[in-house]
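All of the numbers you see were taken from the coordinates with simple rules; none came from a lab. Note that the structure is a prediction, hence the values are computed from the model and not measured. Don't worry about glycine lacking a Cβ; one is built from the backbone with ideal geometry, like all the others, and counts go over all protein chains shown.
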Amino acid sequence: MDVLLDRGALFEGLNEEGARRLSEIAIRRTVKAGEYLFFLGDNADRLYVVTSGNMELCFPIPIGGDVKDVAVESVGVGQALGWSALVKPYRFTLSARATRPSEVVGFSRRDLLDLFDTEPAAGCAFFTRISEVVGLRLLTFQAMWVRELQRALEAEAQRQKGTGA
Amino acid sequence: MNATAFLGFAVLVVIGITFLALLLEFLDPERPARREARKRIPEGIPVAGPGPALVAAFFAKPHERGMLPASAGFDEDLFAFLQHHVKTEQALVAEFVHLPSIDSLYRQARPPLTMH
């Protein structure tokens, strides 16, 4: 629990009572190396924080009937994953698997919202940090998508130049 | 043994074998993974899709197109190439994420150093 309450982490600003309640709603889970914590499309009702080890977020790419998971983000100790539990439609948009034996702590959406009802300052800090995580993902993928689009357009322009079309 | 008893015995044997087969299938440790893999192949995606050569070509720089093998299977080499590409792209857009600009958005990877 110390990992969760360290300065700069998600739950900054919680007082003693809030920290105690946070411990009560936390569900610890051990994840073996290579094991999946959740899959893309699963119902998302729990936010997780990594307390040891490392998780990676990936999306599946199907090619010729075979599905491969491509890792797009690494989540280390103290970092959160599964913020889809706080954003409608409450479905995970990536899969999460452990790169080595790991431990995570999960918090249900309902329990978190109940906690922040009575700890609004901590709730504000929490959602500020979550919005930073979400914003970082958005900007990264937005930039990657624009770059691929630019490459595709450049290739098409060169092709058209080559064919004289 | 009369015919009825023999028939009854034969039916029991068939039922027993069927039950055993079902039980072995249920206890198969690979079953959940196979079921999950079947679920995760999205419906509507044709099995004979665009082809791995096309996929690899999409990620190639324009001047490299046409140099990729004609029929590249979705094998470990291609997967490693894809993973490397994703990581490289993420590293290249990291500056844009913290300081958006056209230059940082379209930053290119530096070519590898060569010894002369």
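General remarks:
- Looking across the range A:36-64 at every residue that is among the charged types (D, E, K, R) and within 11 Å of chain B (Cβ to nearest Cβ), the one that is surrounded by the most Cβ atoms within 10 Å (Cβ to Cβ) is identified as A:GLU56.
- Out of A:LEU40, A:LEU14, A:LEU10, A:LEU57, sole residue that is part of a loop (DSSP other than H, G, I, E, B) and under 25 Å from B:HIS85 (Cβ atoms): A:LEU40
- When restricted to residues that are of a type in the set (D, E, K, R), within 26 Å of B:ALA94 (Cα to Cα) and not in a helix (DSSP H, G or I), the range A:79-136 contains 2.
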